[in-house]
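Below is one structure, written out as structure tokens; the observations come after it.
Values in this text are rule-based calculations from the coordinates and carry no lab data. From a predicted model like this one, the values you see are computed outputs, not experimental measurements.
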Amino acid sequence: MAVLSIAAGTYFFGGDDATKLKAGDCLRNTGSASDATVEKLDCGDSKATHKVLEKKDGSSLSQLACQSVEGATAALSWKEGSDSFVLCLADNK
């Protein structure tokens with residue numbers, strides 16, 4: 001399973017939609033695997049690479065949080081201060 005990380009504070013600079021995502025939403029990462037910048041897209045958009053299967057609030061251990069989520073091929077973790085969540089992702093086909 002691939003792991004993507006979002007640097008805390010990216011959201012505040014306006015270039016990241018990660019905190020707005022929920023199960024069923026689609027996205028693409030315009031950053032890197034170690035410093036993801038997420039853009040929320042319509043699932044029908046050919047640029048959308050992943051679909052959110054589940055959002056796990058209060059977790060930052062992405063591989064552990066998503067290992068039991070059927071179909072998960074990647075995980076994206078977000079943490080700022082005491083707030084954190086993991087998005088369990090599947091390929092958007």
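What are the ³J(HN,Hα) couplings of the stretch 77-93, residue after residue, when phi is run through the Karplus curve with 6.51, -1.76, 1.60 and θ = phi - 60°? Round to Hz, x for glycine and proline.
Residue by residue, the stretch 77-93 yields 10, 9, 8, 8, x, 8, 8, 7, 7, 10, 9, 8, 10, 10, 5, 8, 9 Hz.
Could you list which residues have their amide H under 5 Å from that of C43, counting only those 5 or more apart in sequence or on another chain, with H placed in the peptide plane?
Those lying under 5 Å, H to H, from C43 are C26.
What percentages make up the Cα-Cα pair-distance distribution of the stretch 14-83 when the bins are 10 Å wide from 0?
Histogram of Cα-Cα distances, whole percents per bin: 19, 56, 24, 1.
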